[in-house]
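So the structure is just underneath, and the comments pick up after that.
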Amino acid sequence: MKQSHLFTKVRKELPADEVSINAQLLLRAGYIHKEMAGVYAYLPLGWRVMNKVMQVIREEMNVVGGQELFLTSLQDSKKWKDTGRWSDEVIDVWFRTTMANGTEVGLANTHEEAIAQVMINHIHSYKDLPVVAYQFQTKFRNELRAKSGIMRSREFIMKDMYSFSRNKEEHDAFYEKAQQAYINVFERLGIGNVTYFTFASGGSFSQFSHEFQTVSEVGEDTIYIDEEKGIALNKEVYTDEVMEMLGVKKDTLVEKAAVEVGNIFTLGTKYAEALNLSYTDEDGSVNPVFMGSYGIGPGRVMGAIVELLHDDKGIVWPDAIAPFRFHLVNLNKDSVQADSVYDSLQRAGFDVLYDDRSASAGAKLAEADLLGMPYRLVIGSRTGDKVEHTVRKTGKSDLYSVDELISQHA
């Protein structure tokens, strides 16, 4: 990608109502566009990041047997009435409307009902189980007050995965695999060291649900961390009884603010019973399917990463999700050498954003810091026939030939 062809531009001024660091930096750098409060579009650079986040998640969900599908946003009110969740008193974030033919529909805020309805057509026998299906799908939530930039919005992409098992034992075995898959996701995204497996309220079917909470000053949740065990308790279950059960002591727990970046739930048979999702077992008995739900918000993760990984100059993307690995900045009057380096890096298979514009050196370097690619490559009068290679995270610079550069990153 040549920067002269990129239609997005760095902005100097921001909307007055944006107070979160992630929104400020992503808007300034041209990664996102604010349509209205709580509603953001992802521009080319931002969409590259989002796709890389989703690909990491996708790969780990596939490892545990997940099959990707894509469900509808429009929801049939009948299914939700069957499970008791159509009412605003139960779910208070619905976006609902009535179609021209009088049918009442909603815009999905989650998809338990929809996926269970799909599985009615495909699960009949114990031989059809277990099944694990997931999607990346747009969700709509009528939040009273959208805030925290892309970490809490009214329209957002969610990775929601659902498991279907014969019984609790089969479910529990998969639940452990899903837990490890989530740990792998956050490790690969560069925030594993500050993301904790967190015990939270379990609802009707399990004593606990489990969240993945990333420590951040802007977090809306309060968690209590046992750093030695690598686990945490959400404030809602911070009781003597729970601490004793988990083998942790109050005087070893550290209180932190955190952002919930993922969660996993045992759903039990609630939705299966309400929607008649059942299977015939080996002995001929008919039983409700046992379900689980597993969510990650890629946009929320992206926002949390920006909150954590930035400095006074701009964003500092981790390698795994940066829109481009290299930001090649040409400071020479001609482009012969820079064009050659750009071509060589592309042939070697690297993603490169090439600043080929005629802007000043100061403007180019400042924008490179703001955009936050992991490695900046500068070609100018002082670099001779080599390339200045600077690590965005540390600021460490070295001069390399093109061959040395490719070898360093092979």
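See the values below:
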| quantity | calculated |
| --- | --- |
| Candidates LYS333, LYS393, LYS364, filtered to the one that is assigned to a loop (DSSP other than H, G, I, E, B) and modelled with pLDDT of 95 or more | LYS393 |
| Lone qualifier among THR252, THR214, THR222 - being of a type in the set (Val, Ile, Thr) and crowded, with 20+ Cβ neighbours inside 10 Å | THR214 |
| Filtered residues of the stretch 228-237 (kept if part of a loop (DSSP other than H, G, I, E, B) and modelled with pLDDT of 95 or more) | none |
| Single match in THR198, THR222 (criterion: touching a residue at least 12 places away in the same chain (Cβ under 8 Å), outside any helix (DSSP H, G or I), over 15 Å from THR266 (Cβ atoms) and touching a Lys or Arg at 6+ places or on another chain (Cβ under 6 Å)) | THR222 |
| Any hit, the stretch 287-297, residues being surrounded by 21 or more Cβ atoms within 10 Å (Cβ to Cβ), assigned to a strand (DSSP E or B) and of a type in the set (Val, Ile, Thr) | yes |
| Residues satisfying the stated conditions in the stretch 317-330, i.e. of a type in the set (A, V, I, L, M, F, W, C) and either assigned to a strand (DSSP E or B) or in contact with a Pro (Cβ under 8 Å, 6 or more places away or on another chain) (or both) | TRP317, ALA322, PHE326, LEU328, VAL329 |
| Only one of ALA114, ALA108 that is surrounded by 20 or more Cβ atoms within 10 Å (Cβ to Cβ) and free of Cβ contacts under 8 Å to residues at least 40 places away in the same chain | ALA108 |
| Selection status of ALA146, touching a residue at least 40 places away in the same chain (Cβ under 8 Å), at negative phi, in the same structural domain as THR110 (by TED's automatic domain parsing) and part of a loop (DSSP other than H, G, I, E, B) | yes |
| Identity of the residue in the stretch 380-390, at pLDDT 95 or above and among the β-branched types (Val, Ile, Thr), that ends up nearest to the chain's Cα centre (by Cα) | THR390 |
| The lone exception for GLN179 - which of (1) over 30 Å from SER125 (Cβ atoms); (2) surrounded by fewer than 18 Cβ atoms within 10 Å (Cβ to Cβ); (3) modelled with pLDDT of 95 or more it fails | (1) |
| Considering residues of the stretch 120-158 that are more than 23 Å from GLY65 (Cα to Cα) and of a type in the set (A, V, I, L, M) only, the residue modelled with the lowest pLDDT | ALA146 |
| Qualifying strands (runs of 3 or more DSSP E) (wholly inside the stretch 2-79; at least 3 residues being on the phi > 0 side of the Ramachandran plot and surrounded by 13 or more Cβ atoms within 10 Å (Cβ to Cβ)) | none |
| Residue within the stretch 383-393 that is of a type in the set (Asp, Glu), touching a strand residue (DSSP E or B) at 6+ places or on another chain (Cβ under 6 Å), free of Cβ contacts under 8 Å to residues at least 24 places away in the same chain and closer than 27 Å to VAL306 by Cα present | yes |
| Count - residues of the stretch 267-286 that are surrounded by 17 or more Cβ atoms within 10 Å (Cβ to Cβ), in a helix (DSSP H, G or I) and not hydrophobic (A, V, I, L, M, F, W, C) | 2 |
| Condition met for LYS127 (charged (D, E, K, R), in the same structural domain as THR280 (by TED's automatic domain parsing) and farther than 26 Å from MET151 by Cα) | yes |
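The values are calculated or read from the model by the stated rules, or taken from the named source; none is laboratory data. Every value quoted in this text rests on a predicted model; they were computed, and no experiment measured them. Backbone-built Cβ (ideal geometry, glycine too); neighbour counts: all protein chains shown.
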